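Notes to accompany the following structure.
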Amino acid sequence: MNIEFLSKVEALNDEYCSIEIDTCLESIALPFWSLEEIESGLNLREEWEVPDNLVPFQGDWHELLCLDADTGKVIYINDDREVVFSWPNTEEFLASLSKEEVSI
């Protein structure tokens, strides 16, 4: 698991307000979680039917951005726990973030 990435992900709230998902720029509606929130969220995965290998770090538990602890991919899952989009690694995920504001 990439603890370095997870420990710094909350700081992204100060800089970025949108993300490119499948060539579309989308607003980031919810803040990235603190490391404390990420750690406490690990206990909620079973209740929310999130696979154990996924570490959620942003979302409302219906839609989540997660780090796949097995592969290092960043996975965006929906309420049905289907993969909506994925990035091959944290570097490509970070490169998809944008400072451009998008109207909702």
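The values are calculated or read from the model by the stated rules, or taken from the named source; none is laboratory data. Remember, it's a predicted structure, so these values are computed and weren't measured experimentally. We place every Cβ from the backbone using ideal geometry, glycine too, and count neighbours over all the protein chains shown. With ligands, DNA and RNA removed, areas are computed over all heavy atoms of the protein, side chains included. Shrake-Rupley method; radii C 1.70, N 1.55, O 1.52, S 1.80 Å.
Summary of computed values
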| read-out | value |
| --- | --- |
| Residue within the range 62-73 that is open to solvent by less than 40 Å² (accessible area, probe 1.4 Å), at pLDDT 95 or above, within 17 Å of E15 (Cβ to Cβ) and touching a Phe, Trp or Tyr at 6+ places or on another chain (Cβ under 7 Å) present | yes |
| Residue check, R45 at negative phi and among the basic types (K, R) | yes |
| Filter result (touching a residue at least 60 places away in the same chain (Cβ under 8 Å) and either in a strand (DSSP E or B) or surrounded by 13 or more Cβ atoms within 10 Å (Cβ to Cβ) (or both)) within the range 1-26 | N2, F5, L6, L12, Y16, C17, S18, I19, E20, I21, L25, E26 |
| Listing of strands (runs of 3 or more DSSP E) fully contained in the range 35-104 that carry 2 or more residues being more than 17 Å from I3 (Cβ to Cβ) | 74-77, 83-87 |
| Test: residue in the range 33-41 that is closer than 16 Å to A95 by Cα and either loosely packed, with under 15 Cβ neighbours inside 10 Å or not β-branched (V, I, T) (or both) | no |
| Top-ranked residue of the range 2-21 - restricted to ones that are touching a Phe, Trp or Tyr at 6+ places or on another chain (Cβ under 6 Å) and of a type in the set (V, I, T), ranked as nearest to C66 (Cα to Cα) | V9 |
| Enumeration of residues in the range 49-61 that are surrounded by 14 or more Cβ atoms within 10 Å (Cβ to Cβ) and over 14 Å from the mean Cα position of the chain (by Cα) | P51 |
| Subset of the range 74-91 (residues that are open to solvent by 40 Å² or more (accessible area, probe 1.4 Å) and in contact (Cβ under 8 Å) with a residue 12 or more places away in the chain) | D79, R81, V84, F85, S86, P88, N89 |
| Residue, nearest to C66 (Cα to Cα), within the range 83-104, restricted to residues that are of a type outside the set (K, R) and more than 14 Å from the chain's Cα centre (by Cα) | S98 |
| Condition broken by A29, with the remaining ones in (1) surrounded by fewer than 18 Cβ atoms within 10 Å (Cβ to Cβ); (2) modelled with pLDDT of 95 or more; (3) in a loop (DSSP other than H, G, I, E, B); (4) of a type in the set (A, V, I, L, M) satisfied | (2) |
